[in-house]
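*Asks:* Handing you a structure now.
The values are calculated or read from the model by the stated rules, or taken from the named source; none is laboratory data. Computed from a predicted structure; not experimentally measured. Here the Cβ is made from the backbone with ideal geometry for all residues, glycine too, and neighbour counts use every protein chain on show.
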Amino acid sequence: MTEPHEPTQKLRGNCHCTAVVYVVYFPEPRKATQCGCDLCVKKANIWLSASRSEVTFVKGDESSLTSYTIGAEDTIYKFCGICATSVMATSSSDTQIAFNARTFQALDVKNLKLEEVDYVGHSSSQQRSILKTAETSPPLDSPNVYTGGCHCGALTLRLRSIPLDRTYKGLVLECNCRVCEMNGYVWVYPNDENVDLIGDEKDIGRYKFSHNILWKSFCNTCGVFLTNNHNILSKEEHDDLPDNAKFWHEKSKGGTPVNARVLEDIDLELLHRMSVKFDGKNIHQPPYSHP
């Protein structure tokens, strides 16, 4: 007698720049995991696991991705080196692959039932770099200085701001455009002069797409996103933009939005509840095209 097969659902996923595209058959009901370690909080990872035998790469493959490991642990985190989308986590001793649920095209992560775990061993290396930066930097005038950075410690960030607590009257925003959905950003909007991104140029990744009016900074080693930056265009490039893109390019001048996920000593859940939910999916044109 043949054993009945476990019901499965086929999902198609990709990184934002579409360098890698894959199809995965997940067992039903799906079990999603939200990890509270530093890396997964900074990257907004939500994990769905599947057998390697149920994974097919349509474009690219695992070798197309950048690998990041933490200390001596066996888990290998893999992200796209172009767009820094967190794609998967693998282990040399496991037949399973954990995929970032945010990368799947027909999946609303808000509807997933999450099992919360916290791998305390996945602590961040950034504090070491923050302390080093503080020793070598001039004193800051603002009494409210938030520090943060990527996970591996290559890039650190300082933000001078009024307190990011329940008294905060500045803009906190979460957008549903595809790149923001994939990376789970929680944006705050300081002026340029209140943000310092610190690190070697070789460690800073810059992701531009669509009309190239902005670039998002990320760490080339661990793939953590930090800021969203106005991209300086020539007059000819600016004049060639469609009206909608011209509006947003002008609006982005003078500010450097910061991904609050990378900041220390804040209540991220509070900022999430306070955030404006922006419909970038429909406002920003042309719409994202799934591969």
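*Asks:* Taking into account only those residues within segment 97-116 that are over 20 Å from P287 (Cα atoms) and surrounded by 13 or more Cβ atoms within 10 Å (Cβ to Cβ), which is nearest to the chain's Cα centre (by Cα)? Even if it seems obvious, please write down each step before you answer.
*Replies:* First, pick out the residues of segment 97-116 that are over 20 Å from P287 (Cα atoms): 97-101, 110-116.
The next check asks that each one be surrounded by 13 or more Cβ atoms within 10 Å (Cβ to Cβ); those that pass are 97-101, 112, 114.
Details: I97: 19, A98: 17, F99: 14, N100: 11, A101: 13, L112: 19, L114: 19 Å.
Taking the candidates together, the pick is N100.
*Asks:* While we're looking at this one, here's another question. State whether the residues of segment 130-145 include one that is modelled with pLDDT of 90 or more and surrounded by 15 or more Cβ atoms within 10 Å (Cβ to Cβ).
*Replies:* Checking segment 130-145: at least one residue is modelled with pLDDT of 90 or more and surrounded by 15 or more Cβ atoms within 10 Å (Cβ to Cβ).
*Asks:* Moving on to the next point. Consider R273 carefully, then state whether it is in contact with a Phe, Trp or Tyr (Cβ under 6 Å, 6 or more places away or on another chain), over 20 Å from C152 (Cα atoms) and modelled with pLDDT of 95 or more. Before you say what the answer is, go through the steps one by one.
*Replies:* Working: in contact with a Phe, Trp or Tyr (Cβ under 6 Å, 6 or more places away or on another chain): no; over 20 Å from C152 (Cα atoms): yes; modelled with pLDDT of 95 or more: yes.
Judged against the criteria, R273 is not a match.
*Asks:* Let me ask another. Being of a type in the set (A, V, I, L, M), outside any loop (DSSP other than H, G, I, E, B) and within 26 Å of D196 (Cα to Cα) is the filter here; which residues of segment 262-291 pass it?
*Replies:* Result: V262, L263, L268, L270, L271, M274, V276.
*Asks:* Please list, ordered by residue number, the strands (runs of 3 or more DSSP E) wholly in segment 163-235 having 2 or more residues that are under 28 Å from A101 (Cβ atoms).
*Replies:* Qualifying strands (runs of 3 or more DSSP E): 172-175, 204-207, 214-219, 225-230.
*Asks:* Would you mention how many residues in segment 162-182 are over 19 Å from K251 (Cα atoms) and in contact with a Ser or Thr (Cβ under 7 Å, 6 or more places away or on another chain)?
*Replies:* Qualifying residue count, segment 162-182: 1.
*Asks:* If we keep just the residues of segment 3-33 that are in a loop (DSSP other than H, G, I, E, B) and of a type in the set (K, R), which is modelled with the highest pLDDT? Talk me through it step by step, then tell me what you get.
*Replies:* Filtering segment 3-33 down to residues in a loop (DSSP other than H, G, I, E, B) leaves 3-7, 15-20, 28-31.
Among the residues that remain, those that are also of a type in the set (K, R) are: 30-31.
Values: R30: 78, K31: 83.
Among residues in segment 3-33 that are in a loop (DSSP other than H, G, I, E, B) and of a type in the set (K, R), the one modelled with the highest pLDDT is K31.
*Asks:* Continuing with the same structure: Output the strands (runs of 3 or more DSSP E) that fall wholly within segment 68-113 and possess 2 or more residues being over 26 Å from E28 (Cβ atoms), or say none.
*Replies:* Working: elements: 75-79, 86-91, 96-100.
Filter on segment 68-113 gives 75-79.
*Asks:* To continue, here is another question. Tell me which residues, restricted to segment 34-57, are part of a loop (DSSP other than H, G, I, E, B) and at negative phi.
*Replies:* Hits for segment 34-57 are G36, C37, N45, I46.
*Asks:* With the checklist (1) touching a residue at least 60 places away in the same chain (Cβ under 8 Å); (2) surrounded by fewer than 19 Cβ atoms within 10 Å (Cβ to Cβ); (3) of a type outside the set (A, V, I, L, M) in hand, flag the one item T227 doesn't pass.
*Replies:* (2)
*Asks:* Here's something else I'd like to know. Take the residues in segment 236-259 that are touching a residue at least 60 places away in the same chain (Cβ under 8 Å) and part of a loop (DSSP other than H, G, I, E, B); name whichever of them is farthest from the chain's Cα centre (by Cα).
*Replies:* In the first step, residues of segment 236-259 are kept if they are touching a residue at least 60 places away in the same chain (Cβ under 8 Å); the result is 254-259.
Subset that is part of a loop (DSSP other than H, G, I, E, B): 254, 256-257.
Numbers: G254: 23, T256: 16, P257: 14 Å.
So, considering only residues that are touching a residue at least 60 places away in the same chain (Cβ under 8 Å) and part of a loop (DSSP other than H, G, I, E, B), the one farthest from the chain's Cα centre (by Cα) is G254.
*Asks:* It is to be established whether one or more residues within segment 49-64 are under 18 Å from the mean Cα position of the chain (by Cα) and crowded, with 18+ Cβ neighbours inside 10 Å.
*Replies:* No: zero hits.
*Asks:* Looking at segment 72-85, can you tell me whether even one residue there is out of contact with any Gly (no Cβ under 7 Å at 6 or more places or on another chain) and under 15 Å from R12 (Cβ atoms)?
*Replies:* Yes, that holds for at least one residue.
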